[in-house]
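These notes are about the structure you will find just below.
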Amino acid sequence: MRTLQRNWMRYAMGALLIQALPGCDRAPAPPPVEASPAGASTLPARPSGPERLVVAFGDSLYAGYGLGRGESLPDDVQARLRAAGINAEVVNAGVSGDTTAAGRQRLAFVLDNLPRKPDLVMLGLGGNDVLRQIPPAETRANLAAMLTELRQRDIPVVLTGMRAPPNLGADYQRAFDRIWPDLAKQHGAALDPFILEGVIGDPALMQADRVHPTREGVRIIADRVTPLIADAVAARR
């Protein structure tokens, strides 16, 4: 219990520091469909079989803040899928600084400008909402709207969730933390409850800002979430 509390305190300290980081300020979104496939220069060759298009739609935890080219979470997920024999292309549509409101505004544009309808969307937003202490009801409404949009387009979703640090108060924490399990159940989405599980608070796995994972931290997250992606993609066959 003490270890968990220490980890959350480190997260809370990072939450206070992160708004001073230039890389996490709201930045104009690059045209997502013009980006190269995640890790195209470093990943294994494509396996045979039907191509599966996955869109990783999120914030800096997807974009790969503080990491080198080919080291983001979408890169690692793509590499693991291909190593498992799944002919997957994972498009990194992560934008550092995005709140759920910003993601809601750009989701339709990203989907409409892809070469075809994706087989799956990884949806990972909410971290910047908690850093800015946006009311949980707003975060819930924005995520629900995005999940509704994806359901209407018949695109399955894997949600990667977020949690609030305890320094924001028990009421805020309770309301915020319930968003992801509630919405996953309501919209039939697969869920990884907390994207930073097993990583947050470990100096070897988190960057100096205490909010973004290191390269090794990303690998640990990818090990956990890739089976969810693989199962969801397989279900579309």
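Given the conditions (1) surrounded by 16 or more Cβ atoms within 10 Å (Cβ to Cβ); (2) assigned to a loop (DSSP other than H, G, I, E, B); (3) small (Gly, Ala, Ser), report the number of the one that Gly217 does not fulfil.
With respect to (1) surrounded by 16 or more Cβ atoms within 10 Å (Cβ to Cβ); (2) assigned to a loop (DSSP other than H, G, I, E, B); (3) small (Gly, Ala, Ser), Gly217 is out only on (2).
I'm told Ala222 meets every condition in (1) farther than 15 Å from Met162 by Cα; (2) modelled with pLDDT under 95; (3) among the aliphatic types (A, V, I, L, M) except one. Can you identify the failing condition by its number?
(2)
Which residues, taken from the range 123-141, are surrounded by fewer than 17 Cβ atoms within 10 Å (Cβ to Cβ) and on the phi > 0 side of the Ramachandran plot?
Gln133
Table: residues versus (1) at pLDDT 95 or above; (2) farther than 17 Å from Leu159 by Cβ; (3) of a type in the set (Ser, Thr, Tyr).
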| site | (1), (2), (3) |
| --- | --- |
| Ala45 | no, yes, no |
| Leu61 | yes, no, no |
| Gly64 | yes, yes, no |
| Val90 | yes, no, no |
| Gly94 | yes, no, no |
| Asp98 | yes, no, no |
| Ala102 | yes, yes, no |
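Collect the residues in the range 78-99 that are within 12 Å of the chain's Cα centre (by Cα) and not β-branched (Val, Ile, Thr), keeping them in residue-number order.
Asn92, Ala93, Gly94, Ser96, Asp98
Being in contact with a Gly (Cβ under 9 Å, 6 or more places away or on another chain) and loosely packed, with under 15 Cβ neighbours inside 10 Å: is that true of Ala235 here?
Judged against the criteria, Ala235 is not a match.
Please name all residue pairs, on different chains or six or more residues apart, with Cβ atoms under 6 Å, provided the first residue is in the range 185-199 and is among the aromatic types (Phe, Trp, Tyr) and the second residue is buried (at least 19 other Cβ atoms within 10 Å of the Cβ).
Here the result reads Phe194/Gly161; Phe194/Arg163, each pair linking the range 185-199 to a residue that is buried (at least 19 other Cβ atoms within 10 Å of the Cβ).
Please verify whether Leu120 is hydrophobic (A, V, I, L, M, F, W, C), out of contact with any Ser or Thr (no Cβ under 8 Å at 6 or more places or on another chain), surrounded by 22 or more Cβ atoms within 10 Å (Cβ to Cβ) and modelled with pLDDT of 95 or more, treating the condition exactly as stated.
Yes.
Would you confirm whether or not the range 11-33 contains a residue that is modelled with pLDDT under 95 and in contact with a strand residue (DSSP E or B) (Cβ under 6 Å, 6 or more places away or on another chain)?
Let us first name the residues in the range 11-33 that are modelled with pLDDT under 95, namely 11-33.
Within this subset, residues satisfying the condition of being in contact with a strand residue (DSSP E or B) (Cβ under 6 Å, 6 or more places away or on another chain) are 32.
Scanning the range 11-33 turns up at least one residue that is modelled with pLDDT under 95 and in contact with a strand residue (DSSP E or B) (Cβ under 6 Å, 6 or more places away or on another chain).
The rows are residues; the columns are (1) under 17 Å from the mean Cα position of the chain (by Cα); (2) in a loop (DSSP other than H, G, I, E, B).
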{"site": "Leu67", "(1), (2)": "yes, yes"}
{"site": "Asp76", "(1), (2)": "yes, no"}
{"site": "Ala101", "(1), (2)": "yes, no"}
{"site": "Arg106", "(1), (2)": "yes, no"}
{"site": "Leu143", "(1), (2)": "yes, no"}
{"site": "Leu147", "(1), (2)": "yes, no"}
{"site": "Ile155", "(1), (2)": "yes, yes"}
{"site": "Gln173", "(1), (2)": "no, no"}
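Would you check if there is a residue in the range 158-169 being more than 17 Å from the chain's Cα centre (by Cα), outside any helix (DSSP H, G or I) and either of a type in the set (A, V, I, L, M) or surrounded by fewer than 16 Cβ atoms within 10 Å (Cβ to Cβ) (or both)?
yes
Search the range 80-94 for residues being assigned to a helix (DSSP H, G or I) and either touching a strand residue (DSSP E or B) at 6+ places or on another chain (Cβ under 9 Å) or not hydrophobic (A, V, I, L, M, F, W, C) (or both), and hand back the single one that is surrounded by the most Cβ atoms within 10 Å (Cβ to Cβ). Steps first, please.
Step one: list which residues in the range 80-94 are assigned to a helix (DSSP H, G or I), which gives 80-83.
Checking the rest, the ones that are also either touching a strand residue (DSSP E or B) at 6+ places or on another chain (Cβ under 9 Å) or not hydrophobic (A, V, I, L, M, F, W, C) (or both) come to 80-82.
Values: Arg80: 22, Leu81: 24, Arg82: 19.
Applying the filter and picking the extreme gives Leu81.
Is it true that some residue in the range 211-231 is basic (Lys, Arg) and in contact (Cβ under 8 Å) with a residue 40 or more places away in the chain?
Yes, the conditions are met somewhere in the range 211-231.
Assess whether Asp202 counts as being farther than 19 Å from Val91 by Cβ, without any contact (Cβ under 8 Å) to a residue 24 or more places away in the chain and not in a strand (DSSP E or B).
Numbers: farther than 19 Å from Val91 by Cβ: yes; without any contact (Cβ under 8 Å) to a residue 24 or more places away in the chain: no; not in a strand (DSSP E or B): yes.
The answer is no for Asp202.
The values are calculated or read from the model by the stated rules, or taken from the named source; none is laboratory data. Since we're looking at a predicted model, the values are computed, not measured. Virtual Cβ from ideal backbone geometry, glycine too; neighbours counted across all protein chains shown.
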